[in-house]
Amino acid sequence: MTSPAAIAGLLAMLIATVTVGIFARRFARTTSDFLVAARAVRPAANAAAISGEYLSAASFLGIAGLVMKYGFDVLWYPVDYAAGYLVLLIFIAGPLRRFGAYTIPDFAEGRFASPRLRRLAVGLVIVIGLFYTLPQMKAAGITVASAVGIPYGAGVLLMAGVVITIVMAGGMRGVTIVQAMQFTVKLFAITAPSFVLLIHFGSPTGIFARLHANPIPRLSQPLVAKVSPGDEWQVVQPLHVRLDHPSRVRLASLGPDSASAEAGTPAQPTGGGREVTLAPSATLPPGQVQWQQPTRVEIPAGSAVPYGVGTPPSSNAAWLHPFGPLAGASGQPLLFTYSLIVAILCGTLGLPHILVRFYTNPDARQARRTALFVLLLVGFFYLWPPLYGALGRLYMPGLYTTGLTDAVVLLLPRQIGPSWIGDTLAGITSAGAFAAFAATLSGLLISLAGALGHDIYGRWLRPEAGGAERNLAFRIGALTAGVAAAFLGLMVERFDINVLVGWAFAIAASSFFPMLVLGIWWRGLTTAGAALGTASGGVAATLAIATTMVATASPTLAGFLDRHPALAVILAQPTIVTLPLAIAVMVGVSLAWPRPPAGVASTMLQMHLPERLGLRREYIREP
């Protein structure tokens with residue numbers, strides 16, 4: 001899988017990122033430079049930086065991977081990722097910038113006159129930030145592994161070290177320049193190969209016609225897979241294989257639901273199965289195959305692809321229609337879909353590392369222009385990842401077997417001949433993947449370092465600290481957050497990138513979204529209502545997601561959730577319950593105990609009157 005061109009692309013992007021970061025360091029001198037780039041970033045540059053930060057590994061790699069894996073249902077991801085900025089443009093960008101705070105904790109304390117609420121907000125910033133670093137670490141690991149051939153964990157640690165260095169050196173002002181450059185690279189890296197792929201494989205109409213014409217995915221070329229003890233396959237049709245040695249497997253035949261591959265839902269084994277020893281040349285029956293020892297498996301071209309663990313078998317017809325292998329397999333397709341839509345749409349407005357960008361604009365008018373530019377840039381970008389997913393299902397179905405669907409953007413260009421064209425495109429996409437996870441990870445580390453250095457250290461532990469000491473605290477916070485993110489990233493290799501992102505969005509939507517929207521537009525929201533609502537929504541979403549993560553390692557809990565699909569959907573996508581819960585608590589408590597915070601009238605004027613009246617309060621003070 002090693003590609004010299006992909007390695008060259010990674011190295012080129014690494015050198016460019018470090019070079020720009022070193023150049024940008026000269027602009028980072030004051031606390032304001034580190035935290036909000038001295039509030040001097042213009043809309044075009046800020047929109048490019050926000051797009052570079054927002055279009056993360058989930059956008060560059062994850063959407064294509066999930067489209068390949070699940071099909072039509074996943075198109076809600078790019079639609080909502082873009083649409084979230086429309087809501088942000090209308091309701092949040094202007095008032096938030098006029099308020100003059102730096103972080104969401106600043107907003108919480110300033111709007112509700114409550115240092116305690118600020119501490120709750122700081123805790124949630126850290127939780128959301130760490131959750132959102134997980135898909136970036138996963139992307140770093142698979143990008144380096146696919147390009148260089150080193151283990152996943154080594155790729156995570158290597159890329160984490162690079163990004164931590166950049167953030168510690170330049171702060172927000174330096175990172176802004178780096179992220180704007182990285183957005184340009186990402187946009188080129190996703191669009192240029194797309195045009196070449198269309199020239200090589202045909203128009204989108206022809207691609208979908210071929211998908212309709214084939215009932216199930218079949219290997220277009222021979223596949224060699226290395227399996228380990230415990231690996232499981234779902235075999236849709238009798239599958240002839242060649243093994244490097246006789247191998248023990250456990251076979252579980254499928255019951256009456258074996259035709260469910262046509263319906264798009266995973267077939268269920270009828271029992272515990274039987275253990276047999278396969279000869280070097282053997283035929284696997286339809287059903288579940290669990291490998292009992294390390295084996296090298298060769299599958300000839302034209303075979304119906306066997307699906308690896310976590311990828312439910314589906315026909316092309318089910319893959320191309322709503323409520324297919326993702327929503328349909330949940331058992332509650334409407335519930336799953338609506339909860340996913342709400343999580344992504346509302347979660348965009350609650351991501352701390354995105355909202356902080358609007359504090360870097362000179363004024364509210366330019367913050368709104370920035371949001372509009374971002375909407376246009378993001379919308380154009382999201383035209384392309386679904387194309388990779390569709391082409392991957394046609395021409396690289398072996399990724400279903402190996403579990404590498406998240407790497408389809410990196411691997412698909414290598415299918416193009418002559419080989420030098422494919423290798424060149426692989427180098428370009430590798431550079432884009434680096435830019436994707438590096439840009440978002442650097443923004444997350446800025447947000448986390450701000451919470452650790454600006455809030456915890458600068459306001460609670462040592463409020464008398466000078467500028468140099470605060471800057472040092474920021475750098476230490478970035479290092480701490482980066483090391484924690486790398487450690488957690490080593491533990492999530494088995495999860496899909498966009499699933500990890502969805503969890504971060506769910507927590508943000510359930511906690512900060514209602515606090516921001518109600519806090520900006522309803523003067524009746526009280527401190528107690530905001531605190532209890534934010535805590536109940538954030539904690540409930542976090543516990544639900546943690547339960548889902550535990551279920552992947554607990555057969556007992558997983559079996560219980562299989563018997564209660566509605567509960568399983570709510571735990572995996574909790575926003576449809578936890579967001580209304582947070583709003584209900586905020587409104588109910590505020591109406592039951594109508595004690596508005598001191599100075600709420602002037603605070604509301606501050607957010608909604610023009611900045612030229614001079615009502616803005618500065619939360620960052622240079623010592």
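The values are calculated or read from the model by the stated rules, or taken from the named source; none is laboratory data. All figures in this text were calculated on a predicted structure; none of them were measured in a lab. With ideal geometry, Cβ positions are generated from the backbone for all residues, glycine too; neighbour counts draw on all protein chains shown.
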*Could you tell me whether residue 267 is buried (at least 17 other Cβ atoms within 10 Å of the Cβ) and modelled with pLDDT of 90 or more?*
no
*Residue ID - surrounded by the most Cβ atoms within 10 Å (Cβ to Cβ), chosen from residues in the range 397-412 that are closer than 20 Å to residue 135 by Cβ and among the polar types (S, T, N, Q)*: 405
*Answer yes if at least one residue in the range 445-460 is under 17 Å from the mean Cα position of the chain (by Cα), modelled with pLDDT under 80, of a type in the set (Gly, Ala, Ser) and under 22 Å from residue 82 (Cβ atoms), and no otherwise.*
yes
*Select, from 97, 116, the only residue that is in a helix (DSSP H, G or I) and either modelled with pLDDT of 85 or more or surrounded by fewer than 24 Cβ atoms within 10 Å (Cβ to Cβ) (or both).*
116
*Quick one: which helices (runs of 4 or more DSSP H) lie wholly within the range 382-436 and hold at least 2 residues that are in contact with a helix residue (DSSP H, G or I) (Cβ under 6 Å, 6 or more places away or on another chain), closer than 23 Å to residue 54 by Cα and not basic (Lys, Arg)?*
385-395, 408-411
*residue 499: at pLDDT below 90, under 21 Å from the mean Cα position of the chain (by Cα) and outside any helix (DSSP H, G or I), yes or no?*
no
_Looking only at the range 192-214, and only at residues there that are among the polar types (S, T, N, Q) and in contact (Cβ under 8 Å) with a residue 40 or more places away in the chain, the one that is surrounded by the fewest Cβ atoms within 10 Å (Cβ to Cβ)_ = 214
*Subset tally (residues that are surrounded by 14 or more Cβ atoms within 10 Å (Cβ to Cβ) and under 21 Å from residue 115 (Cβ atoms)) for the range 597-609*: 6
*Please verify whether the range 244-251 includes one or more residues that are buried (at least 20 other Cβ atoms within 10 Å of the Cβ), closer than 29 Å to residue 495 by Cβ and modelled with pLDDT of 90 or more.*
yes
*asked:* Could you check the range 78-87 and list, in sequence order, the residues that are surrounded by 24 or more Cβ atoms within 10 Å (Cβ to Cβ) and under 10 Å from residue 371 (Cβ atoms)?
replied: 85
*Quick check: is even one residue across the range 604-618 modelled with pLDDT of 90 or more, assigned to a loop (DSSP other than H, G, I, E, B) and either in contact with a helix residue (DSSP H, G or I) (Cβ under 6 Å, 6 or more places away or on another chain) or within 22 Å of residue 342 (Cα to Cα) (or both)?*
no
*asked:* Restricting to the range 173-191, and then to whatever is small (Gly, Ala, Ser) and surrounded by 24 or more Cβ atoms within 10 Å (Cβ to Cβ), can you tell me which residue is modelled with the highest pLDDT?
replied: 189
*What are the pairs, 6+ residues apart or on separate chains, where a residue within the range 321-334 that is farther than 15 Å from residue 310 by Cα has its Cβ under 7 Å from a residue that is in a loop (DSSP other than H, G, I, E, B) and not basic (Lys, Arg)?*
333/323; 333/327
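Please state which one of 145, 139, 154 is assigned to a helix (DSSP H, G or I), within 30 Å of residue 402 (Cα to Cα) and modelled with pLDDT of 85 or more.
Among 145, 139, 154, only 154 is assigned to a helix (DSSP H, G or I), within 30 Å of residue 402 (Cα to Cα) and modelled with pLDDT of 85 or more.
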